[in-house]
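K.L.:
Provided herewith is a single structure, encoded as structure tokens, for subsequent inquiry.
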Amino acid sequence: MAKLDSLEPVIVETVEGGIPIEQLGTTLMHEHVFVLSSEIQENNPQLWDEEAQIDSAVTRLTAAAERGVRTIVDLTVLGQGRYLPRIKKVAARVPLNIVVATGVYTYNDEPMYFAFRGPGRVFEGPDPMVELFVRDITEGIGDTGVKAAVLKCATETEDLPEGVERVLRATAQAHRVTGAPIQTHSNALVRNGLLQQKVFEEEGVDLSRVVIGHSGDTDDLGYLRELLDAGSFLGMDRFGMEFIAPVEQRVKTVAELVHAGYAEQLVLSHDCPCYLDYLTPDQRELVAPSWHYTHIHDDVLPALRHADVSDDAIHTMLVDNPRRFFSANAPY
Ligand SMILES: [Zn+2]
């Protein structure tokens, strides 16, 4: 929603440049185009057919666009093989917007690149991680001309390893400097979204500008309400990852939260990559046959309607909430 006291339209950065926020439309908030272990592909080109995978990504994303999806948020960051020149080739050929992220994805340590530099490190000083995130958002990623519009970080374990805590704090600081909102990867099964909120709160982050991602992996409503009542959005964003939680459970959890009045804090997505090298295509088909960009429109929305979730609430989760998330973009 545009600020009433400003005539400036809110612009959201995408791979193809800034767009007025009204053009986001139906938005899948946590997806991936490619998740790769870049060093593996660089050293083993026989393991990766780049042109074929770009074609496949175009086909997969076009199918989502045909269902009415206007925007996907590609939360692939450092540690997941982010490479913008490749994403630009895909974006130029698909009829939807691709929003990209900056951040570091790690469950354990910070990347060695940062290990000796920054606060509390051998070469004490401003955190180069923060500087890099800010540059990605304000100037663009490398020389691609593409600006990141969102920050992403991850916690996987019950505790908070030192390197991961650094990434969370760097994310929070870059958020406050730039105003770009935050989305996370959390492990709902160990309830560590609460840990993320605690660190963000210590860094002075407005928790309403954060999506605690992968919250739909659990049906622990007490935990989910605690996160919601602290003000954050929840990412019900792994539809299709049946090996973690089945679609029936995911739908039931969303419906219960909508009926409890939380529709304005929920976003829907698949966390789906066009290609991820953690699995072979056969393995992926085996563990997650419905894990593709059309699952929400083809299967989940009908199931939600069957569970008495209104079209209004669906519009709120797919259109209004992403727009509200990206419209709060002022530094503070
Ligand atoms: Zn993800």
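K.L.:
Might you let me know whether segment 127-150 holds any residue that is among the aromatic types (Phe, Trp, Tyr), away from the ligand (no atom under 16 Å from the Cβ) and in a loop (DSSP other than H, G, I, E, B)?
P.N.:
To start, the set of residues in segment 127-150 that are among the aromatic types (Phe, Trp, Tyr) comprises 133.
Now restrict to residues that are away from the ligand (no atom under 16 Å from the Cβ): 133.
Next, from what is left, pick out any that are in a loop (DSSP other than H, G, I, E, B): none.
There is no residue in segment 127-150 that is among the aromatic types (Phe, Trp, Tyr), away from the ligand (no atom under 16 Å from the Cβ) and in a loop (DSSP other than H, G, I, E, B).
K.L.:
Can you report the number of residues in segment 179-190 which are under 19 Å from residue 165 (Cβ atoms) and over 18 Å from the mean Cα position of the chain (by Cα)?
P.N.:
Applying the first criterion (under 19 Å from residue 165 (Cβ atoms)) to segment 179-190 yields 182-187, 190.
After this cut, where a residue has to be over 18 Å from the mean Cα position of the chain (by Cα) as well, the list is 190.
Residues meeting the conditions: 1.
K.L.:
Does segment 65-81 hold any residues that are away from the ligand (no atom under 16 Å from the Cβ) and small (Gly, Ala, Ser), and which are they?
P.N.:
Selection gives 65, 68.
K.L.:
Follow-up question, since we're still on this one. Does residue 331 satisfy the criteria of being in contact with a helix residue (DSSP H, G or I) (Cβ under 7 Å, 6 or more places away or on another chain), exposed (fewer than 15 other Cβ atoms within 10 Å of the Cβ) and under 30 Å from residue 200 (Cα atoms)? Please lay out each step first, then the result.
P.N.:
Numbers: in contact with a helix residue (DSSP H, G or I) (Cβ under 7 Å, 6 or more places away or on another chain): yes; exposed (fewer than 15 other Cβ atoms within 10 Å of the Cβ): yes; under 30 Å from residue 200 (Cα atoms): yes.
Yes.
K.L.:
If we keep just the residues of segment 194-251 that are aromatic (Phe, Trp, Tyr) and surrounded by fewer than 24 Cβ atoms within 10 Å (Cβ to Cβ), which is farthest from the ligand (Cβ to nearest atom)? I'd like the intermediate steps shown before the answer.
P.N.:
Start the filter on segment 194-251 by keeping residues that are aromatic (Phe, Trp, Tyr), which leaves 200, 223, 233, 239, 243.
This time we only want the ones that are surrounded by fewer than 24 Cβ atoms within 10 Å (Cβ to Cβ), so: 223, 243.
Details: 223: 20, 243: 15 Å.
Residue satisfying both the conditions and the ranking: 223.
K.L.:
Among the residues of segment 19-60 satisfying the criterion of being within 16 Å of the ligand (Cβ to nearest atom), over 16 Å from residue 78 (Cα atoms) and not basic (Lys, Arg), which is surrounded by the fewest Cβ atoms within 10 Å (Cβ to Cβ)? Quick ask: steps written out before the conclusion?
P.N.:
So in segment 19-60, the residues within 16 Å of the ligand (Cβ to nearest atom) come out as 27-37, 57, 60.
Add one more test, that the residue is over 16 Å from residue 78 (Cα atoms), and what stays is 27-29, 57, 60.
Add one more test, that the residue is not basic (Lys, Arg), and what stays is 27-29, 57.
Working: 27: 27, 28: 26, 29: 28, 57: 23.
Selected residue: 57.
K.L.:
Say we look at segment 67-79 and pick out the residues that are surrounded by fewer than 23 Cβ atoms within 10 Å (Cβ to Cβ) and touching a helix residue (DSSP H, G or I) at 6+ places or on another chain (Cβ under 9 Å); which of these is nearest to residue 96 (Cα to Cα)?
P.N.:
Narrowing segment 67-79 to residues surrounded by fewer than 23 Cβ atoms within 10 Å (Cβ to Cβ): 67-68, 70, 78-79.
Filter once more, keeping what is touching a helix residue (DSSP H, G or I) at 6+ places or on another chain (Cβ under 9 Å): 67-68, 70, 78.
Details: 67: 11, 68: 9, 70: 5, 78: 24 Å.
The qualifying residue nearest to residue 96 (Cα to Cα) is 70.
K.L.:
Now a separate question. Between a residue in segment 226-253 that is over 17 Å from residue 318 (Cα atoms) and at pLDDT 95 or above and any residue that is within 16 Å of the ligand (Cβ to nearest atom) and part of a strand (DSSP E or B), which pairs come within a Cβ distance under 7 Å, given they are 6 or more apart or on different chains?
P.N.:
Taking only residues 6 or more apart or on different chains, the pairs are 227/212; 227/234; 228/234.
K.L.:
Which of (1) among the β-branched types (Val, Ile, Thr); (2) within 24 Å of residue 235 (Cβ to Cβ); (3) surrounded by fewer than 21 Cβ atoms within 10 Å (Cβ to Cβ) does residue 155 not meet, given it meets every other one?
P.N.:
That leaves (3) as the condition not met.
K.L.:
If you don't mind, there's one more thing I want to ask. Every residue in segment 257-269 that is under 19 Å from residue 213 (Cβ atoms) and free of Cβ contacts under 8 Å to residues at least 40 places away in the same chain, please. It would help to see each step written out before you state the result.
P.N.:
Start the filter on segment 257-269 by keeping residues that are under 19 Å from residue 213 (Cβ atoms), which leaves 257-258, 262-269.
Passing the criteria: 257, 262.
K.L.:
Then there is this: Looking at 177, 167, can you tell me which residue is among the β-branched types (Val, Ile, Thr), away from the ligand (no atom under 16 Å from the Cβ) and in a helix (DSSP H, G or I)?
P.N.:
Within the list 177, 167, the selection yields 177.
K.L.:
Kindly indicate the residue of segment 279-303 that is at pLDDT 95 or above and in contact with a strand residue (DSSP E or B) (Cβ under 9 Å, 6 or more places away or on another chain) and also surrounded by the most Cβ atoms within 10 Å (Cβ to Cβ) among those meeting that condition.
P.N.:
296
K.L.:
Kindly evaluate residue 56 against the criterion of being among the hydroxyl-bearing types (Ser, Thr, Tyr) and at pLDDT below 95.
P.N.:
On the way: among the hydroxyl-bearing types (Ser, Thr, Tyr): yes; at pLDDT below 95: no.
No; evaluated as a whole, the condition is false for this residue.
K.L.:
Let me ask something additional. Of the conditions (1) under 19 Å from the mean Cα position of the chain (by Cα); (2) assigned to a loop (DSSP other than H, G, I, E, B), residue 100 satisfies every one except a single condition; which number is it?
P.N.:
(2)
K.L.:
Just checking, how many residues over segment 180-193 are crowded, with 23+ Cβ neighbours inside 10 Å and assigned to a helix (DSSP H, G or I)?
P.N.:
Number of matching residues: 2.
K.L.:
So which residues in segment 91-126 are surrounded by 14 or more Cβ atoms within 10 Å (Cβ to Cβ), among the aliphatic types (A, V, I, L, M) and free of Cβ contacts under 8 Å to residues at least 60 places away in the same chain, if there are any at all?
P.N.:
94, 96
K.L.:
Taking residue 122, is it among the aliphatic types (A, V, I, L, M) and farther than 30 Å from residue 52 by Cβ?
P.N.:
Values: among the aliphatic types (A, V, I, L, M): yes; farther than 30 Å from residue 52 by Cβ: yes.
Spelling it out, residue 122 is indeed among the aliphatic types (A, V, I, L, M) and farther than 30 Å from residue 52 by Cβ.
The values are calculated or read from the model by the stated rules, or taken from the named source; none is laboratory data. All of these numbers come straight from a predicted model, not from anything done at the bench. With ideal geometry, Cβ positions are generated from the backbone for all residues, glycine too; neighbour counts draw on all protein chains shown.
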